[in-house]
Amino acid sequence: MKTLLLTVSSALLGVAATHAQNEKVDTTRVYDLQEVQVHALRANAKTPVAFNDLNRQQLEAVNFGKDVPSLLSQLPSVTTTSDAGTGIGYTGIRVRGTDPTRINITANGIPLNDSESSQLYWVNLGDLASSMQSMQVQRGVGSSTNGAGAFGATVNMQTENIGVKPYASFDLSAGTYGTHKETARFSTGLLSGHWGLQGRLSNIGSDGYIDRASARLNSYFLQGGYFSDNTVVKFITFNGTEKTYHAWDYASKADMEKYGRTYNPSGAYTAADGTTAYYRNQTDNYHQQHYQLLWNQLLSTSWNFNVALHYTRGDGYYEQYKEGQKLYKYLLQSSVSEKSDLIRQKRMNNDFYGTVLSANYTDHRHLTANIGGGWNKYDGDHYGRLVWVRQFEGALNPQHKYYDNKAKKTDGNIYAKLNYEFLQGLNGYVDLQYRHVGYTMSGTSQEFDDDHNQRPLTLDRTYDFFNPKFGLTYALPKGHTLYASYAIAHKEPTRNDFEDMMAETEAVNPKAERLNDVEVGYKYETAKFTAGANFYFMDYDNQFVLTGAQDSNGEMVARNIKDSYRMGVELQAAWRPFTGFQWDVNATWSRNRAKNMQVTALNDDWSQYYVCVGTTPLAYSPDFVLNNMFSYEWRGFKASLISKYVSEQYMTNSGFKSYLEEDGSRTSAMIDAMFVSDLDLSYSFSTKTLKRITVGVTVYNLFNETYESNGSCSMNFREKNGKVEAYNGGWAWSTYSAQAPTHFLAHLSVNF
C-alpha cells in the first residue's frame, strides 16, 4: 500500500509541476473557497464567545503521534485523560469539567460525535490531526452548529486544504514504550488550474505505559477537488482501524503498591493451575469509514453557500474474558453448572448519513448573516455473541445472540445568525437554533429481573429544543475589546443514560438537560502583548454529571442532577518582548457545584433511603487549571518548555474526600493535583532538493511527576450520630489511571 501510494504521488507531482508552470491561479480565492464550509459555524473577533484557534503550523508543532485531546491540552479550561498513560489509544478531553459526551465535534461542519454515546472516540481516527487545516475550540455554549448539543465546548475542525502547489512529506516518530508513528502525505497541487488530489497514510503503534495497554492504529485520508473561479467541489474520504487492549478498568492504590503502577486488571482470570493469567485478546476492535461530498459556491461578492452530504460506516466489537458468569444471562442452559467462565464479544455496526448546508451573506462593512441547518440519520445494531464457554456441553451456535437491540436516531436543526454593527465598533449578535431529535430503540437488553426474565430495551422519544443566543461586542480604540453574551442550550440523554438506568433498583427516567450560559469577556491586543479575561456562569437544570461509577461496559456512569452550576474566570496572556521569544500562559479558577445533592444511604437491614448532603463539588471538575509555555526560535532552532497544573478533583458528587474502611483506615476518593512539564527541541533546515527537514525530540513529564489523570469511585453512606458518613460496606472502590513517568519521542519530518 505504501509503495503504491508513493508511486502514484510521484507521478501526480510530476504532472502537477508541468501544469503549474503554465497556470496563474488566484491562491487566496482557492483557499477561501475551501473554507466557506466553516465560516457559518466559527466564531470571529465580532462574536461574543470564548474561543481559541489553532492553525496548521501550531498543530504540526505538537503532532508527533499522540491523540487530538493531548494536542489541545494547553488550551484554557481543558483537562485530558489517557487510559494507556501515554496519550495514545483511548483518550478523552474535558472542558470546564464537562465530560466528552457534552462536547460537540465537527469536521467541515459535519458531526463526528457518535449519535448514541454523543462522544467522539479519537482512537477510531488515529492521526486525524495530520489532515487538519485548522481547529477552533469554543468554550461554553458557543455558536450554533450541527450535531450534538454543546454543553461544555465545541471543537470545530477543518480538514486540510488542497494547495495550489504540489508537495510530498514524511513524518516519523519513535520513542519510549514502543511508540512509533509513520505518516506519508502528498498533494498534486492544481492540475490544469482546476483539479487537485491530496492524501495521507498513517500507522501509529504503542505498547502503552500500563501493562498490555497496546494500541495499533492505521488510517488514511484522501480528497479530490474541482476548483473554478467561484466553485469548489470536493470528495473526501478518511478512515481509522484500531486494535486496542483494554485498560479502562484502572487499578487501586493498594494494587499499585503491590504490583506496580503499571498494573492492569483487565483480562485477568484464574488459569487451570490456579495462577493468575491474562487473556491475550482482551481487545477493542473497530473500523470507521467516513465519506464527505462538499460543494462551496460564491454567488457574488456578498453571497455564498455550501451543501455537504456525508456517510459514515462503523463496524466493530470488543472481546472479554469473564469469570463465573451466570449462564441464564447469556440465554444458555447447562447440566454441568449454572455458572461458567466464558469469552464474549459485544458487537455493533452502524450507519450514519445526512446533509448539512448554509447560506452566508456579508456587506463587508456592518452586516453578516448566516442561515443553515442539517438533517442526520443514525441506524445501529447492538448485539452480543459468545466465543467460548468453559462449563458447557455441546457446540455453541456461532449465530447465538444473548442480547440484540436496534436503534434509530434522527437529528435535524435549523439556525439563523445575525451580526450587525449598529454603532462604530459596537456589534449586536443574535443566533437562533431549533433542533428536533427522534430516538427509538427496540429489542433486548443485557439486564434480567429477579425471575431470570430478560428485560426489553425499548424506547420512543422525541425532543424539540429552541436554543437562542444573544450578545454584544464592543471594539474600543487601541486594541481593547469587550463582549457579553447569554445563551440557552439543551441536550437529550445518551444511550448509556437509558441503559444504565435499567440497572437501578427503582425506575429512574433520564431527562433532557438545559443550560443557561452567561459569558462576559475582555481582550487586549498589541504587537508584543495580548491578554484576555472571560467570566462565565453556567446554570444547569437536570445536568448529567459523572458519578464516579463505571458500568458493565467500562464506561463512566452519569446521572441527572436537578440543580447545579459551573462558574469561573479564564485568563489568557501572550508576551513577545523580543524577536524569537514568546511567553504564553492561561489559567482558570472555577467553582463547580451541585445544590441539594442527595446520596443513597443504607439502613442496618440494607434498605435504602435518600439523604441530602447539601451543596457539593461536581466530580472531575478541578477548581484551578494552569498552562504555561516558554518558547524560543532562532535560525531554525526551536525550544519550548510546556507546563500544566491541575488541582485535585473529586471522583464523586457526594462531597466526601475519602471513605472509612473496616479496619479504621481511610481510602481516598480524590484524584490528586498534578504538575507536569514537557520539553520540545527541534531544528529545521532546507537543502537544494528538500523544502524543509525538521529533526527533534520531545521529553514528556520532564520532572518525572507521579500522577493519575482519571479514575473511578463508589462508596456507601449511612447516618451516624446525626451525620452522614461514607464507608466501604464491602464493595466500595477507588481506582486510578496512572500516567507515564518521563518518556520521549524523537521525530523527523521531511518535506519535498
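The values are calculated or read from the model by the stated rules, or taken from the named source; none is laboratory data. Keep in mind that what you see is a predicted model, and the values were worked out from it rather than measured. Using ideal geometry, Cβ is built from the backbone for each residue, glycine included, and neighbour counts are taken over all protein chains shown. Ligands, DNA and RNA are excluded from the accessible area calculation, which covers all protein heavy atoms including side chains. Shrake-Rupley method; radii C 1.70, N 1.55, O 1.52, S 1.80 Å.
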Task: Per-residue [θ]222 nm for the chain (sum of -39500 (n - 2.57) over DSSP H runs n ≥ 4, rounded to 500) - done: -2000 deg cm²/dmol
Open item on the list: Name the residue from Q582, M597, G554 whose Cα lies farthest towards the positive end of the charge dipole of region 552-610, charges +1 on Cβ of Lys and Arg and -1 on Cβ of Asp and Glu.
Closed with: Q582
TODO: Provide the per-residue ³J(HN,Hα) series for region 584-592, in order, calculated from phi with Karplus coefficients 6.51, -1.76, 1.60 and θ = phi - 60°, each as a whole number of Hz, with x at glycine and proline positions.
DONE: 10, 8, 8, 8, 10, 9, 9, 10, 10
Task: Cα-projected label distance for V611 with S686, points at 7 Å along beta-carbon direction, nm - done: 7.2 nm
Task: Contour excess over end-to-end distance, with Cα ends at H480 and D451 and 0.36 nm allotted per residue - done: 3.6 nm
Open item on the list: Please list, in order along region 358-367, the HN-Hα scalar couplings obtained from phi with the Karplus expression 6.51 cos²θ - 1.76 cosθ + 1.60 (θ = phi - 60°), rounded to whole Hz, x for Gly and Pro.
Closed with: 7, 10, 10, 10, 8, 9, 6, 9, 10, 10
Task: Approximate spin-label separation L426-T600, in nm, with each point projected 7 Å along Cα-to-Cβ - done: 5.5 nm
Task: Two-site label geometry, D379 and W195: point separation in nm, points 7 Å out along Cα→Cβ - done: 3.4 nm
TODO: Roll a 1.4 angstrom probe over the protein heavy atoms and tell me the percent of accessible area of region 638-684 that is carbon or sulfur.
DONE: 55 percent
- [ ] Pop out the ³J(HN,Hα) list for region 556-564 in order, Karplus 6.51 cos²θ - 1.76 cosθ + 1.60 with θ = phi - 60°, rounded to Hz; leave Gly and Pro as x.
- [x] 5, 8, 10, 9, 5, 10, 4, 10, 8
TODO: Please identify every one of the trypsin sites (Lys or Arg not before Pro) in region 548-646 that sits in a loop by DSSP and has no more than 12 other beta carbons within 10 Å of its own beta carbon.
DONE: R635
Task: Along each principal axis, Cα extent of region 19-146, largest first, Å - done: 53, 33, 28
Task: Surface/4 estimate of mean projected area, convex hull on alpha-carbon atoms of region 220-266, nm² - done: 5.9 nm²
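At 1.4 Å probe size, with the rest of the protein present, what percent of the exposed accessible area of region 460-593 is carbon and sulfur atoms?
Carbon and sulfur: 62 percent of the exposed surface of region 460-593.
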Task: Sparsely packed chymotrypsin sites (Phe, Trp or Tyr not before Pro) within region 512-596, loop by DSSP, other Cβ within 10 Å at most 12 - done: F578
- [ ] Just check region 504-598 against the gyration tensor rule for me: Cα atoms, a ≥ b ≥ c as the square roots of the eigenvalues, rounded for a/c under 1.5, and otherwise prolate or oblate depending on whether a/b exceeds b/c.
- [x] prolate
TODO: For the chain, report the accessible area per residue in Å² (1.4 Å probe, heavy atoms, rounded to an integer).
DONE: 42 Å²
TODO: At 1.4 Å probe size, with no ligands or nucleic acids counted, give the accessible surface of T368 in Å², nearest ten.
DONE: 60 Å²
Open item on the list: Based on Cα coordinates alone, diagonalise the gyration tensor for region 157-226, multiply each eigenvalue by 5, take square roots, and list the semi-axes in whole Å, largest first.
Closed with: 33, 11, 8
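Share of region 133-274's accessible area from carbon and sulfur, percent, 1.4 Å?
Looking at region 133-274 in its full context, I get 56 percent from C and S.
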- [ ] Post the alpha-carbon centroid distance, region 364-379 to region 504-566, in whole angstrom.
- [x] 25 Å
Task: Residues with amide H under 5 Å from that of Y90, placed H, sequence gap 5 or more - done: D83, A84
- [ ] Please give the helix 2-20 orientation as an angle from the longest Cα principal axis of the chain, in degrees from 0 to 90, rounded to the nearest 10.
- [x] 20 degrees
- [ ] Calculate I(q)/I(0) for region 442-548 by the Debye formula, one identical point scatterer on each C-alpha and no solvent, and give its log10 at q = 0.13, 0.18 Å⁻¹ to two decimals.
- [x] -0.69, -0.96
Open item on the list: With just the Cα atoms defining each centre, how far is region 576-635 from region 392-463? Give it in Å.
Closed with: 29 Å
- [ ] Rounded to the nearest 0.05, what FRET efficiency do R29 and D53 give with R0 = 25 Å and r taken as the Cβ-Cβ distance? Could you check?
- [x] 0.70
Task: Assigned charges on the beta-carbon of Lys, Arg, Asp, Glu; the chain dipole about Cα centre (debye) - done: 2080 debye
TODO: Evaluate the Debye formula for region 219-350 with equal point scatterers sitting on the alpha carbons, no solvent, and hand back log10 of I(q)/I(0) at q = 0.15, 0.21 Å⁻¹, in q order, two decimals.
DONE: -0.89, -1.22
Task: Amide proton proximity set for Q325, modelled H, under 5 Å, gap of 5+ - done: S340, D341, L342
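When N counts the residues of the chain, how does its alpha-carbon radius of gyration compare numerically with 2.2 N^0.38 Å, as a ratio?
Numbers: Rg = 26.5 Å, N = 752, 2.2 N^0.38 = 27.3 Å.
Cα Rg divided by the expected 2.2 N^0.38 Å: 0.97.
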Task: 4 °C / 1.567 mPa s Stokes-Einstein diffusion coefficient of region 605-671, Kirkwood radius on C-alpha pairs, µm²/s - done: 81 µm²/s
Task: Extension reserve of the L309-A673 stretch, reckoned as 0.36 nm per residue once the Cα distance is removed - done: 126.6 nm
TODO: Would you please give the FRET efficiency between Q345 and D460, computed as 1/(1 + (r/R0)^6) with r the Cβ-Cβ distance and R0 = 25 Å, to the nearest 0.05?
DONE: 0.30
Task: Evaluated over region 566-637, the Cα radius of gyration and Dmax, each in Å - done: 22.7, 74
Task: FRET E, pair V233, E705, Förster distance 45 Å, beta-carbon r, rounded to 0.05 - done: 0.35
- [ ] Note the full-extension length gain between K720 and L748 as 0.36 nm times their separation in residues minus their Cα-Cα distance, in nm to one decimal.
- [x] 3.9 nm
Task: Computed magnitude of the charge dipole of region 373-486 (debye, nearest 20; Cβ of K, R +1, Cβ of D, E -1) - done: 500 debye
Task: Placed amide H near Q119: partners under 5 Å, 5+ positions off or other chain - done: D114
Task: With eigenvalues of the C-alpha gyration tensor scaled by 5 and rooted, region 580-720, Å - done: 49, 16, 12
